[in-house]
1. Pop a pseudo-label 7 angstrom from the Cα along the beta-carbon direction at both TRP19 and SER93 and give the gap in nm to one decimal.
2. Expressed as a rounded percentage, what relative contact order does the range 5-71 have, with Cα pairs under 8 Å and six or more residues apart?
3. With a 10 Å radius around each residue's Cβ, average the other Cβ atoms per peptide and rank 6-15, 39-48, 56-65, 83-92, highest first.
Amino acid sequence: GQIIGRTVDSLGFLHYVLWNADLSIVDFGIEGFIPYAINNAGQIVGQTADKKAALRDTDGSLTVLPGLDALAQSQALGINDAGWIVGYSFDASYNSHAVLWQPVPEPSSLLTLAGGLAGLGGFALRRKRSK
């Protein structure tokens with residue numbers, strides 16, 4: 001239901017845009033964000049105006065992804081529905097490297113997981129004692 005791409009305005013200026021299913025358009029030209037890929041959740045990856053890999057989340061927030069060198073160029077080229085992002089980054093010697101960025105679980109998700117594991121451990125211990 002969404003398409004990313006580019007268009008040219010009446011003055012000949014290039015704009016990177018997101019077309020929504022309701023035919024509304026989000027223009028990334030103002031943000032200086034160049035989109036390259038979108039997943040089914042609506043998360044978009046691309047590159048900022050200062051040539052850093054970035055993720056534009058569904059709430060419109062922009063997160064710059066860490067590169068191999070803070071000063072070097074990086075670019076996010078694809079994102080799957082699990083939020084895994086592929087791209088490249090240059091190191092300090094300006095050698096290009098493939099990069100895979102993986103989403104980090106929210107702290108609340110980690111607490112839920114830890115609580116679930118503790119509960120299972122307690123259940124297993126109780127079951128072992130009753131035998």
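1. Each label point is offset 7 Å from its Cα along the Cβ direction, giving 4.5 nm.
2. Values: 101 pairs, mean separation 11.2, N = 67.
Here the relative contact order equals 17 percent.
3. Top of the packing list down: 39-48, 83-92, 56-65, 6-15.
Read-outs throughout are calculated quantities, based only on the coordinates presented, and are distinct from any laboratory measurement. Predicted model only: the values in this text are computed from it and were never measured. Note that we place each Cβ from the backbone using ideal geometry, even for glycine, and neighbour counts take in every protein chain shown.
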